[in-house]
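The values are calculated or read from the model by the stated rules, or taken from the named source; none is laboratory data. Keep in mind the model is a prediction, meaning the values are calculated, not measured. Heads up, the Cβs are rebuilt from the backbone with ideal geometry, glycines too, and the neighbour counts pull from every protein chain shown.
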Amino acid sequence: MLRIFVFILLLSSFVAAQSVNNEAWLEDFSQMKREMSSHYANLEWAVAERGVDLKALSESTEAKIRSAKSEADVIQALRTFVESFGDGHLQGERPKTQNSNSSEQKAEGLCERLGFRERAFRDGIDFALGEGFRKIDTPSSAYIPAGIGTLSDGKQYGILRIPSFSEQHMPSLCRTALAELNIKEDADCDGECSGKVEQKAADLYVDAFRLQLEEVRKAKVAFVIVDVTGNGGGSDVYQPMARMLTKKKLKISTFGFIRHPHWVKDLKERLTDIVAAIPDAPPAMQARLKVAEKAVRKDLAEAEKTCDLSPLWENKQPGCTNVVRSLNAGVTYAAPGELTDTVLGDLFFTASRYKYAEGLYSGPLFVMIDERSASASEGFTALLRDNDAATVIGMPSLGAGCGYTNGGISTVLKNSKLRLHMPDCVRYRPDGTNEINGITPDVMIPWRRNDTPVQKFRRLNAILPTLQK
């Protein structure tokens, strides 16, 4: 589990130099369980769907911590505990120290200060190993690699590689955004300014995808493969990208939130924005806003209720659920531009924040995933698959599902100062299952973890002719 390993690595660096204090760690572990009972969106799922015996897991972990002879023993106990949940968004990290006067921070550019960090992406499938492959070489290839493959019968197919759904991993997009917005590197850029830069960078990334898709379409290919293998997720840029790949009106999935002050605050702010927008809205929009107001009031009433999930740690039923299925203000679909710069669009249909056109491609579409495709990659795949707009090929995805909203809910443990991050939302698929179950491909490719790039391509190449049928 990719993010679970992050949890352990960060924790390892934190405690390596400290002597073990068993009682302090036991106290922190008790706090961890209380926090999970309060705001871990997938705790009930772990019991009902994953079959986790929370009582046995808790007792086993406590025993290991109590008998630990070193911090390494504690780390291993926590590692086993976290891995048991199989949740890519369940994380822990050491709080970062902030020193605004450090020479390192002074040397950082504006994009770095805004959180843009270069990341080495995992390679996708190496289609260049196939005969007749032609790479599409444009400025946008730096962000969305693309090419044209050739089948044994001479027909061609298109390839689009999305290495990440996070524009934050591409500082060059930020630098281009600064230039286009005429913002200097040494500018103070907080609040509205940072929002403009981040949105512009996201728009540039979405447009890079559009340009590469246009290049693929020019080749009049028999089908298109979108490769999101190894893509660990990111932001909502996946929404407009998916909508460019089909003429179908993609409806968003049902959303779930937890009963917690975090969501009470969020929903109250939404309600305030909706009510404020009603008087000046055109009649048709007023009607939609009133529907949204009613739906949000119902969601808010549910969020304000409490549900104590602590009985789950004793393998008892709590008699309530901590996850509420949102009414989403009645918004499931909007055409491009329909909800742009509106309260409804900003709050309930995130695709409206971006500039895009639907249906730039309308032919056969395949989304390729593997065990490292997670989070936004799963959202992208499910959005297309669940609207019957694409066939999924590859291996089952990681299973991370929905992550954090508005920065999420972080908790600092009292003694170790470990900062915990737990998902506070759920994305449901049409059959009612939690997206954290992962996406199972329609067409399985028998890749193995230790396959070389050559082996991976050969296994894919063996099924390519069948995709035309």
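Residues in the range 95-126 that are assigned to a helix (DSSP H, G or I) and at pLDDT 90 or above: 110, 111, 112, 113.
Quick check on residue 259: is it at pLDDT 95 or above, of a type outside the set (Val, Ile, Thr), touching a helix residue (DSSP H, G or I) at 6+ places or on another chain (Cβ under 7 Å) and crowded, with 24+ Cβ neighbours inside 10 Å? No: the conditions fail for residue 259.
Every condition in (1) assigned to a strand (DSSP E or B); (2) of a type outside the set (Phe, Trp, Tyr); (3) at pLDDT 95 or above holds for residue 92 except the one numbered (3). Against the list (1) out of contact with any Gly (no Cβ under 7 Å at 6 or more places or on another chain); (2) part of a helix (DSSP H, G or I); (3) among the polar types (S, T, N, Q), the condition residue 168 fails is (1).
Per the listing 390, 382, 357, 400, the residue uniquely of a type in the set (Gly, Ala, Ser) and at pLDDT below 95 is 400.
Conditions (1) at pLDDT 95 or above; (2) loosely packed, with under 15 Cβ neighbours inside 10 Å; (3) outside the structural domain of residue 237 (by TED's automatic domain parsing); (4) more than 24 Å from the chain's Cα centre (by Cα), marked per residue:
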site: 301; (1), (2), (3), (4): yes, yes, yes, yes
site: 305; (1), (2), (3), (4): yes, yes, yes, yes
site: 309; (1), (2), (3), (4): yes, no, yes, yes
site: 325; (1), (2), (3), (4): yes, no, yes, no
site: 328; (1), (2), (3), (4): no, no, yes, no
site: 338; (1), (2), (3), (4): yes, yes, yes, yes
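Could you say whether any residue in the range 172-182 is under 21 Å from residue 468 (Cβ atoms) and assigned by TED's automatic domain parsing to the domain that holds residue 463? No: the range 172-182 contains no residue that is under 21 Å from residue 468 (Cβ atoms) and assigned by TED's automatic domain parsing to the domain that holds residue 463.
Do any residues in the range 417-432 that are over 17 Å from residue 81 (Cβ atoms) have Cβ atoms under 6 Å from those of residues that are assigned to a strand (DSSP E or B), where the two are at least six apart or on different chains, and which pairs are they? Qualifying pairs under 6 Å: 424/258; 424/409; 425/257; 426/256; 426/323; 426/434; 428/254.
For the range 127-165, the set of residues classified as at negative phi, part of a loop (DSSP other than H, G, I, E, B) and among the small types (Gly, Ala, Ser) consists of 130, 152, 164, listed by residue number.
You will find that of 446, 465, the residue that is in the same structural domain as residue 389 (by TED's automatic domain parsing), surrounded by fewer than 14 Cβ atoms within 10 Å (Cβ to Cβ), out of contact with any Cys (no Cβ under 9 Å at 6 or more places or on another chain) and modelled with pLDDT under 95 is 465 and no other. With respect to the conditions (1) under 23 Å from the mean Cα position of the chain (by Cα); (2) of a type outside the set (Ser, Thr, Tyr); (3) surrounded by 23 or more Cβ atoms within 10 Å (Cβ to Cβ), residue 171 falls short on a single one, namely (3).
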